[in-house]
C-alpha cells in the first residue's frame, strides 16, 4: 500500500469517526452522562491520531488556517491556564477536557473534511439523523410517552426525542432545519433526493413544534424568516421561498392558537414561577452577581452550579446546573477575557462567511437548474443553523450539551473550510519544522486526553459499582474508596464516602463515635477540594451534634448557612442543630424560615416545628 492510498484511508477513517461522533452524541441523550462523553472523547482521540498520520503520509501536507483558528487556539490556551487557577480542580479539569475535545474536532474537521463529497455526506447524515430524532419526539408527544430509551423524562406531554430535555432536542433540530431547507431549495442534488430532504425538513419542523420549547420556537421562527429573506434576494428562489414561508406562517397561525397546550406554553412566558415553569430570570441574576466577584477571569470553568448557592434567590430551591443563558454562564465562568475570546471566534467566523458569500452565492437560474449551488446551500444552511443556536442560547444552555456543542463545532468547521472558495491565502504548506510542531501538539493532546480517558473510565466503573450497592453496605464503601483512590480530587466522591459513614454512625452501634470521626475526616477533605459546598460543613456539624459536641457544631452550621443563606434544606438543619442544643426558641425561627422558603414536602421543618411548639408551650405552662 503506497502513501496516497494510506492517506485516503486515513481521510475516510476521520470521516467515519466524525460521523460516529455526530450520530452517537444525540442518540446517547446528548452525551451529558460521563460514560457517554467518554465515548466521544475516545472517538476524538482516533480522529486526532489519524490526522497525525496524514501529516506524515503526505509528502507536502497543507494546513488550512483561517483567522478563526487563532481565536480557537487562544481560548484553548486560556482554558488551560484558567484550569490551573480554578477553585475546584476536578470540575475545572472536566471543563478543560471538553474544550480540548471541541477544539481538536474543529481543527481536524477543518483540515481533513473540506472536500465537497465529505461535506455533503456530513450534511445529509445530519439531516436524516435529525429526521429520526424528530420522529421519535412526535411519537412521544402523540403517545404521551415519558420514555427516552430506558430513561424517564420528567417533562410531561412534550417531545424530547433522544434527549432528556425537550429544549435541548429543539436546540439540536433547529441547527439542522435550515441546512435541510437550503439543501432542498438551493443545492444541485437530484430531484428524488430533494424530495426526501424536503420530507425530512417537514418532520424536523414538526419535531421542533412538539418539543413545546418556547426558546426553540422563537429561535426557529427568527431563523426561518432570515432564511427566506436571503432567498428573496435571489430571483430564482423568490417564488418558492415565498410560497413556503406563507404556508408555514399560515399553518402556524391557524393550528397553534387552537391547541390549548401550546397556548398555555406561550402564556407561561410572562409568569414568574419556579424552575418547573422554566422561569429563567431567577437564575440570571446569580450569574451576574458571581461574575462581579471576579470580572476579568470569572469564578472558574464549570463553576456556576457550585457557586450558585451563595447567591441563590429565595424563589429557587433546586440546583439549576446551568444558568439557562449561555452568554451569562460563559461570562460568570470565564470572565470578560474568556467571553471576549469566544466572541472573537464567532466574529471571525462571521467575517469569513461574509467573505465567502460572494464566491458561493451567485445568481442562480431556476430551482433545480444547473445554476444551483451545493456550496451555497451548505454555507447558507450552516450559517443560519448557527444563528438559530445563538438565538436560543439567550434562554437555554444548549452549547453546554456535548452533542449540541459538537454539532455547532462541526458546522463552524465546515463554514470555515468554505473560505478556501474565496481565497487561497489561508493555505500553508506544512514543511518539516511545522510537521514536528503540529505532531508535538497532537501527541501532547492525545497523551493527555488518553490518560484522562483511562482514569475517568476506571473512576466511573467504581462509582457505578457504588451506585448499585446497598446504601450502607461495606461494598458501597469499598467501591467509593477505590473511586477516590483513582481520582482523589473528586469532592463529590469524598463527600458521598463521608455521608455513607455518617449514616452508618447514626445506626447507633457501639462504634458510632468512631464512624462519625471518620465521616468528619472525609467531609473536611471534601471541603478542601470544593470550598463552596456548604453541605460538607452541614454534615460535619450534624456529626458533632451526634457525638454531643454542640458548641463546636455551631461553627460549622454557621459556615454552612453562610454558603447557602437561602436554601430551605440548610436552613432546616440549622434549626435541627438548635433542637439538639435544646434551644427551641431559636430553632423555631429557623424552621419557620425554611417553610417560607419551601413549604412543599419540607418534612424536616414541619415535623420539628411542631416539636418546638410543644416544647415551648410546655415550658410556658410550667412557669408560675
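The values are calculated or read from the model by the stated rules, or taken from the named source; none is laboratory data. Everything quoted here is computed from the prediction, not taken from an experiment. In this analysis, Cβ positions are derived from the backbone assuming ideal geometry, glycine residues included, and neighbour counts consider all displayed protein chains.
Which condition from (1) in contact (Cβ under 8 Å) with a residue 24 or more places away in the chain; (2) in a loop (DSSP other than H, G, I, E, B); (3) within 13 Å of residue 543 (Cα to Cα) is the one that residue 513 breaks?
Only one criterion in (1) in contact (Cβ under 8 Å) with a residue 24 or more places away in the chain; (2) in a loop (DSSP other than H, G, I, E, B); (3) within 13 Å of residue 543 (Cα to Cα) is unmet by residue 513, namely (2).
With the requirement that a residue be farther than 20 Å from residue 340 by Cα and assigned to a helix (DSSP H, G or I), what does the range 85-106 give you?
Within the range 85-106, 89, 90, 91, 93, 94, 97, 101, 104, 105 qualify.
For the range 222-235, what are the residues that are closer than 17 Å to residue 381 by Cβ and in a helix (DSSP H, G or I)?
Of everything in the range 222-235, those that are closer than 17 Å to residue 381 by Cβ and in a helix (DSSP H, G or I) turn out to be 222, 223, 224, 225, 226, 227, 228, 229, 230, 231, 232.
Which residues, counting only those in the range 392-420, are part of a helix (DSSP H, G or I) and surrounded by fewer than 19 Cβ atoms within 10 Å (Cβ to Cβ)?
Passing the criteria: only 420.
Does residue 526 fit the bill of being modelled with pLDDT of 95 or more, assigned to a helix (DSSP H, G or I) and either under 23 Å from residue 496 (Cα atoms) or in contact with a strand residue (DSSP E or B) (Cβ under 7 Å, 6 or more places away or on another chain) (or both)?
yes
When you check residue 379 against the structure, is it in a helix (DSSP H, G or I) and touching a helix residue (DSSP H, G or I) at 6+ places or on another chain (Cβ under 7 Å), yes or no? Before you say what the answer is, go through the steps one by one.
Working: in a helix (DSSP H, G or I): yes; touching a helix residue (DSSP H, G or I) at 6+ places or on another chain (Cβ under 7 Å): yes.
So residue 379 fits the description; yes.
Name the residue, out of 484, 451, 478, that is without any contact (Cβ under 8 Å) to a residue 24 or more places away in the chain, over 30 Å from the mean Cα position of the chain (by Cα) and part of a helix (DSSP H, G or I).
478
So which residues in the range 487-503 are crowded, with 21+ Cβ neighbours inside 10 Å and part of a helix (DSSP H, G or I), if there are any at all?
Listed by number, the residues that qualify are 491, 493, 494, 495, 496, 497, 498, 500, 501, 502.
Restricted to the range 229-239, and to residues that are in contact with a helix residue (DSSP H, G or I) (Cβ under 8 Å, 6 or more places away or on another chain) and surrounded by fewer than 16 Cβ atoms within 10 Å (Cβ to Cβ), which residue is modelled with the lowest pLDDT?
Out of the qualifying residues, it is 238.
Under 6 Å between Cβ atoms, at least 6 apart or on separate chains: pull out the pairs that start in the range 455-475 with a residue that is surrounded by 15 or more Cβ atoms within 10 Å (Cβ to Cβ) and end on any residue that is assigned to a loop (DSSP other than H, G, I, E, B) and at pLDDT 95 or above.
Hits for this filter: 459/487.
Within the range 270-289, restricting attention to residues that are in contact with a helix residue (DSSP H, G or I) (Cβ under 6 Å, 6 or more places away or on another chain) and modelled with pLDDT under 90, which residue is farthest from residue 397 (Cα to Cα)?
271
Limited to the range 529-571, what total is found for residues that are in a helix (DSSP H, G or I), touching a helix residue (DSSP H, G or I) at 6+ places or on another chain (Cβ under 6 Å) and under 19 Å from residue 495 (Cα atoms)?
20
Would you check if residue 176 is more than 19 Å from residue 411 (Cα to Cα), out of contact with any strand residue (DSSP E or B) (no Cβ under 8 Å at 6 or more places or on another chain) and either modelled with pLDDT under 70 or part of a helix (DSSP H, G or I) (or both)?
So residue 176 does not fit the description; no.
Output the number of residues of the range 592-624 satisfying the condition of being over 36 Å from the mean Cα position of the chain (by Cα) and assigned to a helix (DSSP H, G or I). Working first, answer last.
Filtering the range 592-624 down to residues over 36 Å from the mean Cα position of the chain (by Cα) leaves 592, 606-624.
In the following step, the residues that additionally are assigned to a helix (DSSP H, G or I) were identified as 592, 606-622.
The number of residues fulfilling the criteria is 18.
As an exercise: evaluate residue 160 against (1) buried (at least 19 other Cβ atoms within 10 Å of the Cβ); (2) in a helix (DSSP H, G or I); (3) touching a residue at least 24 places away in the same chain (Cβ under 8 Å); (4) touching a helix residue (DSSP H, G or I) at 6+ places or on another chain (Cβ under 7 Å) and give the number of the one condition it does not meet.
(2)
Six or more apart or on different chains, Cβ atoms under 7 Å: show the pairs whose first residue is in the range 215-234 and in contact (Cβ under 8 Å) with a residue 12 or more places away in the chain and whose second is surrounded by 17 or more Cβ atoms within 10 Å (Cβ to Cβ) and outside any helix (DSSP H, G or I).
Final answer for the pair search is 215/395; 215/396; 234/364.
Only one residue in 21, 45, 57 is buried (at least 17 other Cβ atoms within 10 Å of the Cβ) and at pLDDT below 95. Which one? Quick ask: steps written out before the conclusion?
On the way: 21 fails: at pLDDT below 95; 45 fails: at pLDDT below 95.
Just one listed residue meets the conditions, 57.
All but one of (1) surrounded by fewer than 21 Cβ atoms within 10 Å (Cβ to Cβ); (2) touching a helix residue (DSSP H, G or I) at 6+ places or on another chain (Cβ under 8 Å); (3) more than 27 Å from residue 400 (Cβ to Cβ); (4) in contact (Cβ under 8 Å) with a residue 40 or more places away in the chain hold for residue 198; which doesn't?
(4)
In the range 355-366, which residue that is within 39 Å of the chain's Cα centre (by Cα) and part of a loop (DSSP other than H, G, I, E, B) is modelled with the lowest pLDDT?
So, considering only residues that are within 39 Å of the chain's Cα centre (by Cα) and part of a loop (DSSP other than H, G, I, E, B), the one modelled with the lowest pLDDT is 362.
Being surrounded by 19 or more Cβ atoms within 10 Å (Cβ to Cβ), outside any helix (DSSP H, G or I) and out of contact with any strand residue (DSSP E or B) (no Cβ under 6 Å at 6 or more places or on another chain) narrows it down to one of 26, 66, so name that one.
66
I need the full set of residues from the range 123-141 which are surrounded by fewer than 20 Cβ atoms within 10 Å (Cβ to Cβ) and either assigned to a loop (DSSP other than H, G, I, E, B) or in contact with a helix residue (DSSP H, G or I) (Cβ under 8 Å, 6 or more places away or on another chain) (or both), in order please.
Residues of the range 123-141 that are surrounded by fewer than 20 Cβ atoms within 10 Å (Cβ to Cβ), as a first pass: 124-125, 128, 132, 135, 138-139.
Matches in the range 123-141: 124, 125, 128, 135, 138.
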